[in-house]
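Here the structure comes first, spelled out in structure tokens, and everything after it is commentary.
The values are calculated or read from the model by the stated rules, or taken from the named source; none is laboratory data. All figures in this text were calculated on a predicted structure; none of them were measured in a lab. Here the Cβ positions follow ideal geometry from the backbone for every residue, glycine too, while neighbour counts run over all protein chains shown.
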């Protein structure tokens, strides 16, 4: 449509896609309106679904080793990976050592052993364990262990759980720091009351028989649970001091529950001269009357952690009680592996294995101890036993000067450690002010294992040196 001069009309809007190449006669082509450029708003990410919850079940906390391993897995850790250095898990290298007996590489199963094992374990293994203790530690003593003084379990924690389930309505002493798994173990069973006993780093974590007497009488304790050698500090109660502990327990009728899973990893010269094994079995006078309960197994001292063959040694009446507990807790261990374990417990084979451990792990102990000190860690007590170094990061650069920050920074370098706070055993979180207590006690500590092969330790120490150097440069 054409318009005369001065006249106005309403234009016809033509969609840009269908507009003609030209307008009417004498009219320029119609230009389609241009919309301003816009950016589509980002689509909000869907929030993750909430974690499911179940009214019947509580949140069960992870022990220290499970926690650190889970965190490492989130960063790609795999137990078979060769690029990680696992100084967190309490597992000794399980390959052949110079001078040690040949490693078992196959287990032949007798058809009769396809059946359940007795809850207390097969009689032949129980007798072999009693004989081992008698021949190595009780020669010439009138009171001797028998199979009735031994019960077999499917792992160390299973053995500890049986013992805990058999305890009565008592006060049970336990030490700080100590094995992380004790925390939940001491929370589950409600008949006994856990009583914490603080060990002081300034005293090298020492605790004399006089100290024990004071605690038993002052707190009315009927039993004391401890790892000896101590996990994590490496402190050993041994020799005359251990004899005095047992005499005190005998006099006051206080049961000593001794986790001796590291008793063949002994570095104190006076104890190493006793064949390299420190055990309360040397000092028990009457095996059926002295209130001494010993837990041990193939896990550490024979370096067969995957077998899960462990035992409890003690007075017959106590063994009967923990076997009854085992009947409803776990039902007993593996019959074929119990059978295979018998040959490992010959005294000469046991001593040969212990000598090999002392030679090879002694070198690794010194390597790790020196390496950690060189980069600025403080070691309260050079380990007298176990295959751990308990060290404080307090004097490292500020960004890595506590256990958790060092642990997470080390994960970035594919090195696994365990922060010290996990050894602040606090059953049921009953102690108030846990955060403040941890800050003043174990928050700056870590536990480092020299269980892995020497080559892994050397790689780990090099990565730790680089981590500390980088943290120092960054201030």
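Limited to the range 213-252, what total is found for residues that are in a helix (DSSP H, G or I) and touching a strand residue (DSSP E or B) at 6+ places or on another chain (Cβ under 7 Å)?
So the answer is 5.
If you scan the range 204-213, which residues turn out to be out of contact with any helix residue (DSSP H, G or I) (no Cβ under 6 Å at 6 or more places or on another chain) and surrounded by 13 or more Cβ atoms within 10 Å (Cβ to Cβ)?
Correct list: 204, 205, 206, 207, 208, 211.
Which condition does residue 464 not pass, out of (1) without any contact (Cβ under 8 Å) to a residue 24 or more places away in the chain; (2) in contact with a strand residue (DSSP E or B) (Cβ under 8 Å, 6 or more places away or on another chain), if it passes all the others?
(1)
Which numbered condition trips up residue 188, out of (1) surrounded by fewer than 19 Cβ atoms within 10 Å (Cβ to Cβ); (2) out of contact with any strand residue (DSSP E or B) (no Cβ under 7 Å at 6 or more places or on another chain); (3) within 25 Å of residue 241 (Cβ to Cβ)?
Of everything listed in (1) surrounded by fewer than 19 Cβ atoms within 10 Å (Cβ to Cβ); (2) out of contact with any strand residue (DSSP E or B) (no Cβ under 7 Å at 6 or more places or on another chain); (3) within 25 Å of residue 241 (Cβ to Cβ), residue 188 misses just condition (3).
So which residues in the range 281-300 are touching a helix residue (DSSP H, G or I) at 6+ places or on another chain (Cβ under 6 Å) and part of a helix (DSSP H, G or I)?
Residues satisfying the conditions are 281, 282, 298, 299.
Looking only at the range 68-95, how many residues end up being free of Cβ contacts under 8 Å to residues at least 24 places away in the same chain and within 19 Å of residue 308 (Cα to Cα)?
1
Only one residue in 242, 256, 252 is buried (at least 24 other Cβ atoms within 10 Å of the Cβ) and assigned by TED's automatic domain parsing to the domain that holds residue 182, so which one is that?
256
For the range 175-193, how many residues meet the condition of being within 14 Å of residue 422 (Cβ to Cβ) and not in a helix (DSSP H, G or I)?
Number satisfying all stated conditions: 6.
Among residues belonging to the range 147-174 that are without any contact (Cβ under 8 Å) to a residue 40 or more places away in the chain and either over 25 Å from the mean Cα position of the chain (by Cα) or part of a strand (DSSP E or B) (or both), point out the one that is surrounded by the fewest Cβ atoms within 10 Å (Cβ to Cβ).
Among them, the one singled out is 169.
Among the residues of the range 414-423, are any surrounded by fewer than 21 Cβ atoms within 10 Å (Cβ to Cβ), modelled with pLDDT of 95 or more and either more than 21 Å from the chain's Cα centre (by Cα) or assigned by TED's automatic domain parsing to the domain that holds residue 371 (or both)?
Pass one, the range 414-423, residues surrounded by fewer than 21 Cβ atoms within 10 Å (Cβ to Cβ): 414.
The next check asks that each one be modelled with pLDDT of 95 or more; those that pass are 414.
Checking which are either more than 21 Å from the chain's Cα centre (by Cα) or assigned by TED's automatic domain parsing to the domain that holds residue 371 (or both) leaves us with 414.
Yes, the range 414-423 contains at least one residue that is surrounded by fewer than 21 Cβ atoms within 10 Å (Cβ to Cβ), modelled with pLDDT of 95 or more and either more than 21 Å from the chain's Cα centre (by Cα) or assigned by TED's automatic domain parsing to the domain that holds residue 371 (or both).
Quick check: is even one residue across the range 386-399 in a helix (DSSP H, G or I) and at pLDDT 95 or above?
Yes, the range 386-399 contains at least one residue that is in a helix (DSSP H, G or I) and at pLDDT 95 or above.
Going by the structure shown, is residue 134 within 28 Å of residue 252 (Cα to Cα), surrounded by 18 or more Cβ atoms within 10 Å (Cβ to Cβ) and free of Cβ contacts under 8 Å to residues at least 12 places away in the same chain?
On the way: within 28 Å of residue 252 (Cα to Cα): yes; surrounded by 18 or more Cβ atoms within 10 Å (Cβ to Cβ): yes; free of Cβ contacts under 8 Å to residues at least 12 places away in the same chain: yes.
Taking the combined requirement at face value, the residue satisfies it.
If residue 370 satisfies all but one of (1) touching a strand residue (DSSP E or B) at 6+ places or on another chain (Cβ under 6 Å); (2) within 30 Å of residue 279 (Cβ to Cβ); (3) without any contact (Cβ under 8 Å) to a residue 24 or more places away in the chain, what's the number of the condition it fails?
With respect to (1) touching a strand residue (DSSP E or B) at 6+ places or on another chain (Cβ under 6 Å); (2) within 30 Å of residue 279 (Cβ to Cβ); (3) without any contact (Cβ under 8 Å) to a residue 24 or more places away in the chain, residue 370 is out only on (1).
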